[in-house]
Amino acid sequence: MSMDLQGKACLVTGASRGIGAAIARMLADSGAIVAVHYGSNKAAADSVIESLPGTGHMTIRADLSHPEDAGRVVDEASSEMGRLDVLVNNAGIFSPHPPLDVSTEAWLESWGGILAVNLISPAVLCQAAAKVMAEQGGGRIINIGSRGAFRGEPECSAYGASKAGLHSMSQSLAVALGSKNIQVFAVAPGFVETDMAKSLLDSDAGDAIRAQSSANRVARPEEVAEVVCFLASTGAEFMTGGIIDVNGASYLRT
């Protein structure tokens, strides 16, 4: 699949590795200028930038566990690039907290931390981006959710809830912003072959996880990136409000 995003100004959060890095690379391969957000690993973010074709790319550091800083990411990106055509909210965290095995304090801490990064900061980023996009005549917002929003996450219920909230917010914003020529989507992957999932995929549970899909594997980061780039491209406008599954039929919903 080849998408032409020549000259489009794109911001990808959590883009120093994994899915975010793959998205940044594919956007740049399609002609876009990319702002790579990272939380702490500057070397990894710089490495992504060095791998991108074209010029004008940039890195932005921000700790999205502090939602009050999230708007600054949009401000810096749009100011440096001169506009903002595409926001990809990819940054997220996963921290197990089985409900019967942790204290109330630990339970609340997990919920607060996960919601801050996975839902509240994306909400701030969406609003800030929408204001920029409305002034310039339109844009795209693509939020990376999860199949966990539908099937549940028994070991990490805050993660499942945060992604369900992200999906719902995406649909609400698609309605709210459509008249401003801003389209909003969510992408819901299953397991993806990333550093974050490596220890689990390499464990005794790995074969069972791969067997959840009839393809007997998990997704590659590039497969998620392909969908994101399609949604960012001309022709996807009337899909606004959609939640696109990328899980190899490992979970089917109606």
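Observations on the model:
- Top-ranked residue of the stretch 194-236 - restricted to ones that are charged (D, E, K, R), closer than 30 Å to ASN181 by Cβ and in contact (Cβ under 8 Å) with a residue 40 or more places away in the chain, ranked as surrounded by the fewest Cβ atoms within 10 Å (Cβ to Cβ): GLU222
- Members of the stretch 170-193 found to be buried (at least 23 other Cβ atoms within 10 Å of the Cβ) and touching a residue at least 60 places away in the same chain (Cβ under 8 Å), listed by number: SER170, PRO189
- Scanning the stretch 217-254 for residues being closer than 16 Å to SER170 by Cβ and over 15 Å from the mean Cα position of the chain (by Cα) gives a total of 7.
- Any hit, the stretch 39-54, residues being farther than 24 Å from ILE243 by Cα and touching a His at 6+ places or on another chain (Cβ under 6 Å): yes
- Only one of ILE33, ILE23 that is surrounded by 14 or more Cβ atoms within 10 Å (Cβ to Cβ), among the β-branched types (Val, Ile, Thr) and in contact with a Leu (Cβ under 9 Å, 6 or more places away or on another chain): ILE33
- Cβ pairs under 7 Å, 6+ apart, first in the stretch 60-81 and of a type in the set (S, T, N, Q), second modelled with pLDDT of 95 or more and not in a helix (DSSP H, G or I): SER78/LEU84
- When GLU80 is tested against (1) touching a helix residue (DSSP H, G or I) at 6+ places or on another chain (Cβ under 8 Å); (2) surrounded by fewer than 18 Cβ atoms within 10 Å (Cβ to Cβ); (3) charged (D, E, K, R), just one condition goes unmet, and that condition is (1).
Quick grid of which residues meet (1) buried (at least 23 other Cβ atoms within 10 Å of the Cβ); (2) within 18 Å of ILE244 (Cα to Cα); (3) among the hydroxyl-bearing types (Ser, Thr, Tyr); (4) in contact (Cβ under 8 Å) with a residue 12 or more places away in the chain:
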site	(1), (2), (3), (4)
ILE120	no, no, no, yes
ALA129	yes, no, no, yes
PRO154	no, no, no, yes
SER168	no, yes, yes, no
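- Being buried (at least 19 other Cβ atoms within 10 Å of the Cβ), under 19 Å from GLU226 (Cβ atoms) and among the hydrophobic types (A, V, I, L, M, F, W, C) is true of ALA28.
- Selection status of ALA149, more than 20 Å from ASP75 (Cα to Cα), in a helix (DSSP H, G or I) and of a type in the set (A, V, I, L, M): yes
- Condition broken by ARG83, with the remaining ones in (1) under 27 Å from GLY138 (Cβ atoms); (2) touching a Ser or Thr at 6+ places or on another chain (Cβ under 6 Å) satisfied: (2)
- Qualifying residue in the stretch 152-173 (condition: of a type in the set (D, E, K, R), part of a loop (DSSP other than H, G, I, E, B) and under 16 Å from the mean Cα position of the chain (by Cα)): no
The values are calculated or read from the model by the stated rules, or taken from the named source; none is laboratory data. Since we're looking at a predicted model, the values are computed, not measured. Please note: Cβ atoms are built from the backbone with ideal geometry, for glycine as well, and neighbour counts cover all protein chains shown.
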